[in-house]
Amino acid sequence: MSRPENPSALHILGFVYLTFAHCTDGELAKEELDAISRVLQSWLPDAPQAVISRVLVESAAWLNDVDTDDARLALAEQYAHLMRQQMSPKQRGAVLVNLIELARADGKVTTREELFIARLTEILDAKNA
């Protein structure tokens, strides 16, 4: 499976969050997966857990279909630019808060995680529309 045919905003968030969790520290800990599931659920609180799980599985398959971590990170940045255009400042701020939560999920925050958050903060510019 590659990129979903018509990826939803939740798929894109899932892809960005999974890219962040996997590519910045080289592993995807269970705590990080659980945290990603929770933050995706926070975007659609009324969605059944089965929907969130399906989006997470589809986003993970999409991530695995991208050849390299550099390509995954570049695609995540591309989607951050799309978020900048289509999300409100409050929503973009929520994405950044989610990334911080994900960075802390496994008990260690790496330099690469900090750099990714800084780069997305720069792109999303949550304070300005």
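Only the Cβ atoms of Lys and Arg (+1) and of Asp and Glu (-1) were treated as charged; on that basis the dipole of the range 38-120 about its Cα centre amounts to roughly 360 debye. Using the average count of surrounding beta-carbon atoms within 10 Å as a protection proxy, the listed peptides 8-15, 118-125, 105-112 rank, highest first, as 8-15, 118-125, 105-112. Between HIS81 and SER2, full extension at 0.36 nm per residue minus the direct alpha carbon distance yields a gain of 26.3 nm.
Accessible surface calculations at 1.4 Å, restricted to protein heavy atoms, place the chain at 53 Å² per residue. The spread of Cα positions in the chain, taken along each principal axis and listed from longest to shortest, comes to 34, 30, 27 Å.
The values are calculated or read from the model by the stated rules, or taken from the named source; none is laboratory data. Keep in mind that what you see is a predicted model, and the values were worked out from it rather than measured. Don't worry about glycine lacking a Cβ; one is built from the backbone with ideal geometry, like all the others, and counts go over all protein chains shown. With ligands, DNA and RNA removed, areas are computed over all heavy atoms of the protein, side chains included. Shrake-Rupley method; radii C 1.70, N 1.55, O 1.52, S 1.80 Å.
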